[in-house]
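Shown next, in structure tokens, is the structure this report addresses.
Read the figures in this text as sums done on the coordinates, not as results from a lab. No experiment lies behind these values; they were computed from the predicted model shown. Ideal geometry is used to build each Cβ from the backbone, glycine not excepted, and the neighbour counts take in all protein chains shown.
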Amino acid sequence: YEEVLVKDEL
Amino acid sequence: MNLFRILGDLSHLVSIFILLQKMRSTRSCAGISLRTQILYLMVYCTRYLDIFWTFNASLYNSSMKLVFILSTAYTIYLMRTVYKTALDPQIDTFATYYLVGGAGLLAVLFPYKYTVYEVLWSFSIWLESVAILPQLFMLQRTGEAETITTHYLFALGAYRALYIPNWLYRWFLEGHFDPIATVAGIIQTLLYSDFFYIYYTKVLKGKKFELP
């Protein structure tokens, strides 16, 4: 869940 | 980063340059919806706020974000000044307030976290999924489009369509899954389905793009 908060896409 | 993602971003970049080239070569923005361009600028400005604090995280992402924001702002500037005469507000009339309102509602209902950044990010994802509607509606109204405009729309549709295999790849191989972006991306791609069909059956066979 926390991982999704990493916005690494445009 | 995988091939689908790179091809998707390239397709997005190409779509913006096709649009600028279309305006330059025809000296007109006829057939292009200003409303859709404004919605896209809203999408980029609300999604790429993190450029201020993640600039060095990925120079690729940061430079693409800048290019998308600046080129869309420049397109709007051109449409409102240089090519203003070709603007026809009579046919660019899709109710964008419903799109912005709907995206705002979904952003409040489904953010990953209730922080300003995450709610705005969610808003931009939902808004992008429907931002093409004024443009497709305008296409419906005119019933036809210049070939270069259809190439612009194809590249634009292909960008998020290519993100879908990217999400599948990341889900199966990296265990990374972004439900909001994925659901909105599928909706966005489905909205292009009838355009893709006509594009494939007509434009790619050298015919003019005309709605049946």
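Compute the acute angle (0 to 90°) between the alpha-carbon long axis of helix B:34-47 and the principal axis of greatest extent of the alpha-carbon atoms of chain B; round to the nearest 10°.
Helix B:34-47 sits roughly 10 degrees off the main axis of chain B.
So between B:Trp171 and B:Ser62, what do we pick up on full extension, going 0.36 nm a residue minus the alpha carbon distance?
Length gained, B:Trp171 through B:Ser62: 36.9 nm.
Arrange B:Arg24, B:Arg170, B:Arg47 by Cβ neighbour counts within 10 Å, fewest through most, would you?
Least crowded to most crowded, the residues run B:Arg24, B:Arg170, B:Arg47.
Angle between the Cα long axis of helix B:116-130 and the longest principal axis of chain B, 0 to 90 degrees, nearest 10?
That helix lies at roughly 30 degrees to the long axis.
So if the hydrodynamic radius of chain B is defined as the Kirkwood radius over C-alpha pairs, what does Stokes-Einstein give as its diffusion coefficient at 37 °C and 0.692 mPa s, in µm² per second?
184 µm²/s
Distance cut-off 22 Å, Cα to Cα: go down the list B:Lys22/B:Lys205; A:Lys7/B:Lys65; B:Lys65/B:Lys208; B:Lys22/B:Lys202; B:Lys84/B:Lys205 and report the pairs above it.
Distance filter (> 22 Å) returns B:Lys65/B:Lys208; B:Lys84/B:Lys205.
How large is the charge dipole for the protein assembly as shown, taken about the Cα centre, if only the Cβ atoms of Lys, Arg (+1) and Asp, Glu (-1) carry charge, to the nearest 20 debye?
The dipole of the protein assembly as shown has a size of about 780 debye.
Rounding to the nearest 10 and keeping the result within 0 to 90°, find how far the Cα-based axis of helix B:179-191 lies from the longest principal axis of chain B.
Roughly 10 degrees, rounded to the nearest 10.
What percentages, rounded to whole numbers, describe P(r) for the protein assembly as shown computed over all alpha carbon pairs with 10 Å bin width beginning at zero?
8, 33, 38, 18, 4, 0
Out of the range B:55-116, which chymotrypsin sites (Phe, Trp or Tyr not before Pro) are coil in DSSP terms and have no more than 14 other C-beta atoms within 10 Å?
Answer by residue number: B:Phe55, B:Tyr114.
Any idea what the relative contact order of chain B is, in percent, if you count C-alpha pairs under 8 Å spaced at least 6 apart?
That works out to 31 percent.
Using only Cα atoms, what Kirkwood radius does the range B:49-107 have, in angstroms?
Kirkwood hydrodynamic radius for the range B:49-107: 14.4 Å.
Just want the answer: with Cβ charges of +1 for Lys and Arg and -1 for Asp and Glu, which residue in B:Gln37, B:Ile69, B:Ala145 is farthest toward the dipole's positive end in the protein assembly as shown?
Towards the positive end, the residue furthest out is B:Ala145.
How big is the charge dipole of chain B about its Cα centre, in debye rounded to the nearest 20, if each Lys and Arg gets +1 on its Cβ and each Asp and Glu gets -1 on its Cβ?
Charge dipole of chain B: 480 debye, to the nearest 20.
Arranged by the count of other C-beta atoms within 10 angstrom, fewest first, what order do B:Ser62, B:Ser193 take?
By the 10 Å Cβ count, ascending, the order reads B:Ser193, B:Ser62.
In what order do B:Phe137, B:Phe123 fall by count of nearby beta-carbon atoms within 10 Å, going from fewest to most?
So the ranking, lowest neighbour count to highest, is B:Phe137, B:Phe123.
Taking every residue in B:54-62, how many Cβ atoms of other protein chains lie within 10 Å of its Cβ, on average?
For peptide B:54-62, the averaged partner shielding equals 2.
Sketch the reach of a paramagnetic label on B:Phe196 as a point 7 Å from Cα along Cα-to-Cβ, and name the residues of the range B:1-21 whose backbone nitrogen lies under 14 Å away.
B:8
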